Structures are given as structure tokens and as C-alpha cells.
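Below: one structure, written as C-alpha cells.
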Amino acid sequence: MTSAMTNAMTKAMTNTTTLACSRRSALASFTLAAAAGCQASAPFAQAPDSEPHPSAPPSPPSISPLATPVVLSTWRHGLPANAGALRALARSGTALDAVEAGCRVVELDCPDMTVGLGSRPDRDGFVTLDAAIMTDDGRAGCVAFVQGVAHPISLARLVMEKTPHVLLAGAGAEQFARECGIEVAPPKLTPEAERQWREWLVEKKYEPKVNIENHDTISMLALDTQGRMAAASTTSGLAYKMHGRIGDSPIIGAGVFVDAPIGGAICTGLGETVLRTLGAHLAVEAMRAGASPQEACEHAIARIIAKNGDPKSYQVGMLALDYRGRVGAYAVQKGFNYASGTNLVDAPSKLG
């Protein structure tokens, strides 16, 4: 090897080593700066270092059970839903029983045609249903894009309790329903739903209206007197959606999320905005970091607005609950109301 070649190789190795060191130095500086920035911008105080290891099973709530249960649900149709949930609790039912019973009430009779088989269809004329149910020990069951099932919330519970899965969709979910002895009816629109759909077909203009088409969900949270929490959601999705569209309701962490010993959160509104941010999980994690349920809802709604463009064009409402029975409620726009026990409450909003 010539002297010139040796010198060239030595120079190249020196340059490579220098570059690698520079990259490591820059990366270290970036990491420190990022950590400092995250620490400075954290909206809530960090939770004390007493949380269980991530691989450990959930701990039971550390707060004594409440003397009376708490039941929350979205929109005006939450009032009959809550009544059904409270009846279940009065029969010694659990929080899980309560949210299933409450959702079944609205699935059977939803006056605004946004839940159950009597709902407005998608743009192809089919009513497709989504549902999810979750308990605070991490168990969950969901169904999506289901047709002909009168109570998809009960089918979701069966997915949770009878299968190793969390989510079943479409024909597979319908097959599972039949195997469980649940009738799957042929697709059919109610006369009113068909009239509205045919009227929509004239222009085929997809234009969801805030607080009208967008309140397409009944979502529920219940905290029973044994100190256990559950959440549920059931919907037909946005009217005249694309065939096959699935929103946030059947997605754990988006439409619903509960976690002992922290609390739970549920969402309603334009599902795409919630899916992009995992809104319910975001709110629960804010509570884990020290936020109250109200602060958690406001934090999550702020994130949704930041990630989804002009907030005047959509609505999202959120409810949160902790094991002390404290309630949070917040929405993007004015007009979101919810049922708390037997009372209908108007939620505050960012654009109120």
C-alpha cells in the first residue's frame, strides 16, 4: 500500500469518527432539550411515583366506594338510558350491567334516528352499527359494521366475555351473533329512514350539521357502589356516510376508555376527529397525570381542535368521571348536553 493511499484512508477514518461523535453530541443535546421542553410544557403535575409497573395488573380503586352510583350519558336520549342503567343497578347489577342496559334502551327506541336499527342509513341505503363496552380492569369488546342486530352493545359484551378477541366486524360479527343465538334480521329501512334517504339522494350532498347529524351516539359511564367503573357506546354512525365507514365508537381509547384506579372518559360527535387523537384515552391519561375530570376534558378537546382544523365545522362532546364521583364535561361547540343521573345538563364549550 502506498504512502498516499495510507494517508487518504487515515483521513477518511478520522472524518468518519468526527462525524459520528458530532452526531452523538447533537443527538444528546436534542434529547436534553426535548426533555426540558416536555417538562416545561406539561399541562399537569406528574403523578407520584406510586403507580404500578406497566406490566402489573390494574390495582383496585384506592378510594372507598360511593354511597350512591354515578351514571352519565351523552345527549338528551341519555335520560332514558340512565333510567335503564339505574334500574339495573337497583337490581344489584354492576357498572357493566348498567351501561349495557342503558344502551339497550336507546338501541330499541332512539327518537333522533342515530342509534339502532331504526337509524338513518349510509349513502348506499344500509344501516350499519358499531358498539363497544369496557370495564376498568382492561377487558373490552367491540363490534363494527354490523347489520341486522337489534342490540349491538350486547353483542360487544359477548365478544368480550366469550371470545379471545376485542373487535369483530361485519359478516364475521354477524356470524358470531347467530352462533350466540342472536337473530340477525335482513337489512331493511324504516319508512321514515327510507323517506329521508331518498330525499338525500336527490342531491347526494354529504354535509353533517353540528349538533344534529353529529350527535350520532349514546355513550355511557357508570360507577357502581362497589367502586367499579364501566363504559359503553353504541351508534349507527354518521347519516349517509360512505359504506364501510367506522367511527370512534367501537374503538377502545377513541370513543370509550376506563382504567382503574384513574377513571373513565367517553366521546360523542364527529368520530374522525376523535379517532385522530384517541380522545377518551387522552382524557384518562390527563387524569392519571393529575388533572381533574373537568381539566381532562378541556385538555382533550383542546388537542382535538389543534389537530382537526376549523372547529366551527364539527362538534365533539366529552364526559369524564373519576372514582371520587367527580364529573367533567366539555365540548368543541355550544349545544352539547348530557344526562347526569336523572338530570339533563348543558356542557360548557370551547366556542361557547
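Side notes on the structure shown:
- Cα lying deepest toward the dipole's positive end in the range 70-346, options Val345, Tyr314, Gly328, charges on Cβ: Tyr314
- Mean-position separation - Cα centroids, the range 87-158 and the range 232-275, in angstrom: 12 Å
- Trypsin sites (Lys or Arg not before Pro) restricted to DSSP loop in the range 282-329 with at most 16 other C-beta within 10 Å: Arg324, Arg326
- Whole-number percent relative contact order across the range 70-346, with pairs defined as alpha carbons under 8 Å at least 6 apart: 22 percent
- Contact order normalised by residue count of the range 253-352, Cα under 8 Å, 6+ apart, percent: 25 percent
- Annotation for the range 87-152: trypsin sites (Lys or Arg not before Pro) lying in DSSP loop with at most 15 further Cβ atoms inside 10 Å of their Cβ are Arg91, Arg139.
- The base-10 log of I(q)/I(0) for the range 70-346, evaluated at q = 0.10 Å⁻¹, reads -0.44 [Debye formula, identical scatterers on Cα atoms, solvent excluded].
- Pairs over the 18 Å Cα-Cα cut-off, from the set Lys312/Lys334; Lys204/Lys241; Lys204/Lys307: Lys204/Lys307.
- Additional length obtainable on full extension of the chain from Arg139 to Ser313, 0.36 nm per residue less Cα span: 59.2 nm
Laboratory data are not the source of any read-out in this text; all were calculated from the coordinates shown. What you see is a predicted model; the values in this text were computed from it and never measured. Cβ: placed from backbone, ideal geometry, glycine included. Neighbour counts: every protein chain shown.
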